[in-house]
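This report concerns only the one structure given below.
Bear in mind that the values in this text are calculations on the coordinates, not laboratory data. Small disclaimer: the values here were computed from a predicted structure and weren't measured. Note: ideal-geometry Cβ built from the backbone for every residue, glycine included; neighbour counts use all protein chains shown.
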Amino acid sequence: MSKGKKHHYEISMVWTGATEGPAKDYHTYSREHRFEAPGKPPLIGSADPAFRGDAGQYNPEELLLAALSGCHMLWYLHLCTAKKITVVSYEDHVEGMMTEEPRAGRFVEATIKPTVTIAAGDDVALAVELHERAHSECFIANSVNFPIHCEPTIQTQD
């Protein structure tokens, strides 16, 4: 194990679907669950609708993409401030592809598509380049075993 600084994370999960009855049959049990962490609002989840989940709730696959997007953005903002690039706005659209094989499924790729507005006069080429660095520093991207593509759009504030 690495000798670097260690950070511990913890979350609780409760299968709230049990209130609708036990899981006895694949087709009928509820997939609803709740994540909790001290001092934070609960997050309600379910399975993807393809796996009999509730389309109105977040599923684990979406949460993985959200983690990739959030981690990339946080690193990007850090790097921009260090290089004196003023980020005025940041939005992202993330897509992922999962394959389902007999007895297993896995993500095979993801693409993040951040649209960033920087202050007029700031270095657009550097702002684009910093996305590559953010990707290489991102803790979540470094923890998954599939390629993550980054297709940034940089705009300058009028």
**Complete:** Helix-only [θ] at 222 nm, the chain, -39500 (n - 2.57) per DSSP H run of 4+, per residue, nearest 500, equals -8000 deg cm²/dmol
**Item:** Separation of the His93 and Ala66 label points, Cα + 7 Å toward Cβ, nm
**Value:** 2.0 nm
**Request:** Can you list which of the trypsin sites (Lys or Arg not before Pro) found in the range 1-110 are DSSP loop residues with at most 15 other C-beta atoms within 10 Å?
**Result:** Lys3, Lys5, Lys6, Lys24, Arg52, Lys83, Lys84, Arg103
**Item:** Extended-chain gain in nm, criterion 0.36 nm per residue less alpha-carbon gap, Gln157 and Asn145
**Value:** 0.7 nm
**Fill in**
So for R0 = 35 Å, FRET eff. of Glu100-Lys6 from the Cβ-Cβ r, to 0.05, ends up at 0.50
**Fill in**
Taking Cα atoms only, helix 60-82 is inclined relative to the longest principal axis of the chain by an angle, in degrees rounded to 10, of 20 degrees
**Prompt:** Applying 1/(1 + (r/R0)^6) with R0 = 25 Å to the Cβ-Cβ distance of Phe51 and Met13, what FRET efficiency is obtained, to the nearest 0.05?
**Reply:** 0.90
**Message:** Only four residue types carry charge here, +1 at the Cβ of Lys and Arg and -1 at the Cβ of Asp and Glu. Report the dipole size of the range 1-58 about the Cα centre in Debye, rounded to the nearest 20.
**Reply:** 460 debye
**Request:** Using amide H atoms built 1.01 Å from N in the peptide plane, name the residues 5+ places from Val88, or on other chains, whose amide H lies under 5 Å from its own.
**Result:** Thr117, Ile118, Ala119
**Item:** Restricting the range 5-82 to chymotrypsin sites (Phe, Trp or Tyr not before Pro) in coil, as DSSP defines it, with at most 16 other Cβ within 10 Å
**Value:** Tyr9, Trp15, Tyr26, Tyr29
**Request:** Specify whether the C-alpha gyration tensor of the range 11-158 places it in the rounded, prolate or oblate class, a ≥ b ≥ c being the square roots of the eigenvalues: rounded for a/c under 1.5, otherwise prolate if a/b is larger than b/c and oblate if not.
**Result:** prolate
**Complete:** Distance in nm between Glu137 and Leu77 label points, each 7 Å along Cα→Cβ, equals 1.3 nm
**Item:** the chain: angle of helix 124-137 to the longest principal axis, Cα-based, in degrees nearest 10
**Value:** 40 degrees
**Item:** Calculated P(r) tail over 17 Å for the range 1-58, as whole % of Cα pairs
**Value:** 51 percent
**Request:** Under 11 Å from the Cβ of Ser30, count the other residues' Cβ atoms, weight Lys and Arg +1, Asp and Glu -1, and hand me the total.
**Result:** -1
**Item:** Cβ charges +1 (Lys, Arg) and -1 (Asp, Glu), total dipole of the chain, debye
**Value:** 700 debye
